[in-house]
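**Q** Pasting in a structure now, in structure tokens, and then I'll have a few things to ask.
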Amino acid sequence: MTDEKVNFDSMAKAQNEALASRTNERSDIAFPYLDLDSAVEVAQKIYARSGISACALDELAAEMGQTTSSGNFRLKTGTARIFGLVVKESQSDVKLSDLGNDIVSPDAAKAMEAKASAFLQVPLYYQIYEKYRGKLLPPTKALEREMLTLGVSSKQTENARRAFQKSAKQAGFFNSGEDRLVKPKASGSSSSPLSYPETIDQAVADRPPQDNSNSRQGGLNGSGGNHHPFIQGLLQTMPEPGTLWTIDGRAAWLQTAANIFTLIYKGEGKIAVEAITKEKSN
């Protein structure tokens, strides 16, 4: 474990300087080289390690299997900062922002709304969204030229465009097609906001006794018996049977479930959920 102190403010800056140093060019607008899911991963690791409390950078690096001096660690944490998910608590500590807390919520609808908000936190993405709101996005090369006019270095436009397209899809802005940006509709199926304990163990300790005689064991919207409160909260977000639930919505719910399992169970590996629409399967 290294004791090196890391300047958190320099992490995001390092992203734009990484490629620029090779070409003597610098971008004049902030954007990430990694996608939104990479930023969400950092938020999840912070929450798994420290909950809503401050997390030391060396502890976060260990949680991510990195070191504080590695370029990948700086790149990922800088990406999380650009998306507005983490904030500096001190010179060597970070914590989740309010948006970061929302994005790791077991409430699938709340987490998806947070992803949409995080997408628009990126200055480059916000500029493109506002300019092409209600219009079709330009083709690939034209989109890269548009990014160039907005301040992206000429040698970085392809990387910026790739991260932009991946992030737009992950945030739900491509739900109506990948040729336009449409802010995803807020779901009315989410339950009331959950309060967040500082640790998983505290959540279990603070859980009130269950009256199993009246619980609906395994029910979709019931208490779920003795389930962990995060599982209960997730189950409460499921729409009633027979109602419309989009494939993307189902995939987001399942991915949130997978993220919760990572938080509350031990074991190595990662679960990735992909929504395959009719168009993709053909």
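The values are calculated or read from the model by the stated rules, or taken from the named source; none is laboratory data. Please read all numbers here as calculations on a predicted model, not as lab measurements. Please note: Cβ atoms are built from the backbone with ideal geometry, for glycine as well, and neighbour counts cover all protein chains shown. Ligands, DNA and RNA are stripped out before the accessible areas are found, and what is left, the full protein with its side chains, is counted by its heavy atoms. Shrake-Rupley method; radii C 1.70, N 1.55, O 1.52, S 1.80 Å.
**Q** Run Ala142 past the list (1) part of a helix (DSSP H, G or I); (2) open to solvent by less than 60 Å² (accessible area, probe 1.4 Å); (3) free of Cβ contacts under 8 Å to residues at least 60 places away in the same chain; (4) touching a helix residue (DSSP H, G or I) at 6+ places or on another chain (Cβ under 8 Å) and report the number of the one that doesn't hold.
**A** (4)
For (1) assigned to a loop (DSSP other than H, G, I, E, B); (2) β-branched (Val, Ile, Thr); (3) within 24 Å of Ala61 (Cβ to Cβ), each residue gets a yes or a no:
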{"position": "Asn101", "(1), (2), (3)": "no, no, yes"}
{"position": "Ser105", "(1), (2), (3)": "yes, no, no"}
{"position": "Glu113", "(1), (2), (3)": "no, no, no"}
{"position": "Ala118", "(1), (2), (3)": "no, no, yes"}
{"position": "Gln121", "(1), (2), (3)": "yes, no, yes"}
{"position": "Tyr125", "(1), (2), (3)": "no, no, no"}
{"position": "Lys135", "(1), (2), (3)": "yes, no, no"}
{"position": "Pro138", "(1), (2), (3)": "yes, no, no"}
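**Q** Gln127 is checked against (1) open to solvent by 60 Å² or more (accessible area, probe 1.4 Å); (2) closer than 28 Å to Leu235 by Cβ; (3) of a type outside the set (Asp, Glu) and fails just one. What number does that condition carry?
**A** The single condition Gln127 does not satisfy is (2).
**Q** Taking the options Ser90, Ser105, Ser154, name whichever one is of a type in the set (Gly, Ala, Ser), out of contact with any Asp or Glu (no Cβ under 9 Å at 6 or more places or on another chain) and open to solvent by 20 Å² or more (accessible area, probe 1.4 Å).
**A** Going through Ser90, Ser105, Ser154 in turn, the sole match is Ser90.
**Q** Are any residues in region 78-97 over 24 Å from Lys166 (Cβ atoms) and in contact (Cβ under 8 Å) with a residue 60 or more places away in the chain, and if so, which ones?
**A** Lys88, Gln91, Ser92
**Q** Sort out which residues of region 239-259 are in contact with a Phe, Trp or Tyr (Cβ under 9 Å, 6 or more places away or on another chain) and either surrounded by 19 or more Cβ atoms within 10 Å (Cβ to Cβ) or at pLDDT below 75 (or both), and write them in order of number.
**A** We begin by selecting, within region 239-259, every residue in contact with a Phe, Trp or Tyr (Cβ under 9 Å, 6 or more places away or on another chain); these are 239, 245, 253.
Result: Trp245, Trp253.
**Q** Would you pick out the residues in region 66-77 that are open to solvent by less than 30 Å² (accessible area, probe 1.4 Å), more than 12 Å from Glu41 (Cα to Cα) and in contact (Cβ under 8 Å) with a residue 60 or more places away in the chain?
**A** Just the residues of region 66-77 that are open to solvent by less than 30 Å² (accessible area, probe 1.4 Å), to begin with: 68, 70, 73, 77.
Next, only the ones that are more than 12 Å from Glu41 (Cα to Cα) stay: 68, 70.
Residue satisfying the conditions is Thr68 alone.
**Q** Within region 46-65, can you find the residues that are in contact with a Lys or Arg (Cβ under 8 Å, 6 or more places away or on another chain), open to solvent by 10 Å² or more (accessible area, probe 1.4 Å) and closer than 17 Å to Leu34 by Cβ?
**A** Met64
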